[in-house]
Amino acid sequence: MARAGFEVIFFDCDSTLSTIEGIDALAARAGCEHEISALTRAAMGGEQPLESIYGQRLETLRPNRQAIAWLGNQYVAAEVPGARAVVAALISLGKEVHIVSGGIRQAVVPLAAVLSIPLARVHAVEMFHDASGNYTGYDASSPLTRSGGKGAVCHRVAKNRRAAIVGDGITDLDPAAYGIFTVGFGGVVRREAVQRRADAYVADRALTGVLEFLLTREEFRRLPPA
Ligand SMILES: [Mg+2]
């Protein structure tokens, strides 16, 4: 698979770098998983536009600062096998690695730290709290709360550079509209629509298989032995 080397690589977070879906995990913790997971599935499978359910889920959950710190720990504990090795390999080759997620930014940050991805390369949705840590709202101006938002964010970051995105969901294919190469990852959740429409697809449990599509042969040779 000899492609032109990508300069920028985006990763989705939920069910791509971590095996959990953040919102579902918060819902399970709060005991309202059934209503929330039905909404999440509808959005991820593409049956319902993201914006119609985004605020609805958060309004149901109202995640306080403590719940978000808990979720940050869960993301790290549920890291997908190979995630650290894949990101380290890409960084060692000089690639710019970003996380782009419709999830809660403050909860994604600890996982980014573990993966050595700088804060400025974490694109997710900021939650707002009062001085006591109670939920007061979310950044509704973020494109990541809307359908097509991932594409817009990736395009803005990548500019004219060669870029690829790795993700499990339908929204992770949005960047294709901007010429960004899409790698579907089915190691946590396999979605037929993603497998059909992505430029490449990896169904292994570990993330390591995505390197085959992200690197040229020459770049592979430059990797230190595992
Ligand atoms: Mg995902």
The condition from (1) more than 25 Å from Val86 (Cα to Cα); (2) of a type in the set (Gly, Ala, Ser); (3) away from the ligand (no atom under 16 Å from the Cβ) that Gly5 misses is numbered (1)
Would a scan of segment 162-175 turn up a residue that is under 23 Å from Pro49 (Cα atoms), of a type in the set (D, E, K, R) and touching a Lys or Arg at 6+ places or on another chain (Cβ under 6 Å)? yes
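Of all residues in segment 1-54 being among the small types (Gly, Ala, Ser), touching a helix residue (DSSP H, G or I) at 6+ places or on another chain (Cβ under 9 Å) and not in a helix (DSSP H, G or I), which is surrounded by the fewest Cβ atoms within 10 Å (Cβ to Cβ)?
The qualifying residue surrounded by the fewest Cβ atoms within 10 Å (Cβ to Cβ) is Ala2.
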Hey, Ile99 touching a Cys at 6+ places or on another chain (Cβ under 7 Å) and among the β-branched types (Val, Ile, Thr) or not: yes
Considering only residues of segment 2-37 that are among the charged types (D, E, K, R) and free of Cβ contacts under 8 Å to residues at least 40 places away in the same chain, which is nearest to Gly179 (Cα to Cα)? Glu21
Would you confirm whether any residue within segment 81-92 is within 30 Å of Thr136 (Cβ to Cβ), at pLDDT 95 or above and of a type in the set (S, T, N, Q)? no
Within segment 38-68, how many residues turn out to be closer than 25 Å to Gly133 by Cβ and touching a residue at least 24 places away in the same chain (Cβ under 8 Å)? 13
So how many residues does segment 92-105 have that are away from the ligand (no atom under 16 Å from the Cβ) and out of contact with any strand residue (DSSP E or B) (no Cβ under 6 Å at 6 or more places or on another chain)? 3
Could you list, ordered by first residue, the pairs with Cβ atoms under 7 Å in which the first is in segment 91-113 and under 15 Å from Glu7 (Cβ atoms) and in a helix (DSSP H, G or I) and the second is away from the ligand (no atom under 16 Å from the Cβ) and basic (Lys, Arg), at least 6 apart or interchain? none
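This table checks each residue for (1) assigned to a helix (DSSP H, G or I); (2) at pLDDT 95 or above.
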{"site": "Ser147", "(1), (2)": "no, no"}
{"site": "Cys154", "(1), (2)": "yes, yes"}
{"site": "Ile165", "(1), (2)": "no, yes"}
{"site": "Ala177", "(1), (2)": "yes, yes"}
{"site": "Val188", "(1), (2)": "no, yes"}
{"site": "Arg196", "(1), (2)": "yes, yes"}
{"site": "Asp204", "(1), (2)": "no, yes"}
{"site": "Leu211", "(1), (2)": "yes, yes"}
So Pro110 clears everything in (1) surrounded by 15 or more Cβ atoms within 10 Å (Cβ to Cβ); (2) modelled with pLDDT of 95 or more; (3) in contact with a Lys or Arg (Cβ under 6 Å, 6 or more places away or on another chain) except one condition, right? Which one? (3)
What are the residues in segment 11-42 that are under 17 Å from Gly187 (Cα atoms) and either among the aromatic types (Phe, Trp, Tyr) or more than 16 Å from the ligand (Cβ to nearest atom) (or both), if any? Phe11
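Matching residues to (1) more than 13 Å from the ligand (Cβ to nearest atom); (2) aliphatic (A, V, I, L, M); (3) surrounded by 17 or more Cβ atoms within 10 Å (Cβ to Cβ); (4) more than 15 Å from Cys13 (Cα to Cα):
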residue	(1), (2), (3), (4)
Gly169	no, no, yes, no
Leu173	no, yes, yes, no
Ala177	yes, yes, no, yes
Ile180	yes, yes, yes, yes
Phe185	no, no, yes, no
Ala193	yes, yes, no, yes
Arg197	yes, no, no, yes
Asp204	yes, no, no, yes
Leu207	no, yes, yes, no
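The values are calculated or read from the model by the stated rules, or taken from the named source; none is laboratory data. Remember, it's a predicted structure, so these values are computed and weren't measured experimentally. Methodologically, a virtual Cβ is constructed for each residue, glycine included, from the backbone with ideal geometry; neighbour enumeration extends over all protein chains shown.
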